[in-house]
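Presented below is the structure to which this report refers.
None of the figures in this text is laboratory data; all of them are computed from the coordinates on show. Quantities reported herein were computed from a predicted structural model and do not represent experimental measurements. Every residue, glycine among them, receives a Cβ derived from its backbone with ideal geometry; neighbour counts consider all protein chains shown.
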Amino acid sequence: MSFFGDVYSEGHYIDRNCRTWGTGTRFVTMKLDHSSCGVFSNGFDNTYSVFVTINERSSIVKAGDLSFLISCSYDTDTAVTIRADNVEVGQLSTAIILNTPSPPQLRLSVYEGSDLNSRGKSAGFVDIGDSLLLVASLVDNTIYQNLLVYDCQAYSSADESLAIELIDSSECINGDLYGGIIQTPSVMKRLSGRFPVEKWISFRAFKFPDADIVRFECQAFACINPQECDDTCSPVKRRKRESEGFHQDDVPTLTLSGEINVRSGGQSQSRTEVGKQRDESICIPTMGFAFVLAFFVVVVVASFIAVFISCWRSKFEDTKFLVY
């Protein structure tokens, strides 16, 4: 299998030291320094890791291209590093390299609606009180079967100190908000082979003072075994288990985020109507005012002319009498 694509450290494509490319052979070799190209260390288990992406075509990322988390173990006593080089491209799959699963694809979205089965479009601009859904999705369920969502916060775009907790560290909803803002009694979930694995809550749109944009941020990680993430509203913990050769502890925790723009809705409409009524009670429409002003000018001018003519005729009569 000839390879003409790119192999590079994720996020460092433009750095030629972090990238290599195929020349039509079946093998490529890429060497990365442990202190650059996005390589990170874990002193707990003595490993260096890096996310590596493989594109079938140079400079283009398309469906089917692969991404891996590659880990290299080292022994601090003998200072020997095990290298992951000379990987044959034709043998790569989405399964595993060095006993590590590919990173999960998770996303956080806000939709219009009050139920997942009847959700509307993605929420962008909403009114206060609108029914909305905050949904965390596991897009790729070929390796991972479930996910945990916890430590969900909503905060003001103008002042991050203005924040409320929606879901706590045990994946429980904030009970103080239930029935007012949060409409579901717990974090709901849907596990189905036909759809992405999703966990969600329903809530009423709200905002913070002096800011129309509300931002959301949640912590999440995917589980290889469904039961690993099936402890809704219980302390979140990551057990040391293996499944099909994968280590659950190797799955990274991800921060998911999203935002909505909340209009004041009925409140601003009420203020507008009150202001309009107040204006109409003390103001004359522009056309009416112009008509009244013109009429007043005509009356004044006509009065002035009448007085002038009356005075002139009186003076003329007096002059005529004296001449006679």
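Descriptive notes on the structure:
- Note on residue 305 and residue 107: the model spin-label points, each 7 Å out from Cα along the C-beta direction, lie 7.8 nm apart.
- Multiplying the residue separation of residue 158 and residue 14 by 0.36 nm and subtracting their alpha-carbon distance yields 48.4 nm.
- Amide hydrogen proximity for residue 129: with H placed 1.01 Å from N in the peptide plane, the residues at 5 or more positions away or on another chain lying under 5 Å are 205, 206.
- In segment 150-197, the C-alpha radius of gyration followed by the widest Cα-Cα span (Dmax) gives 13.3, 41 angstrom.
- Length gained on full extension, residue 296 to residue 62: 76.6 nm, using 0.36 nm per residue less the C-alpha separation.
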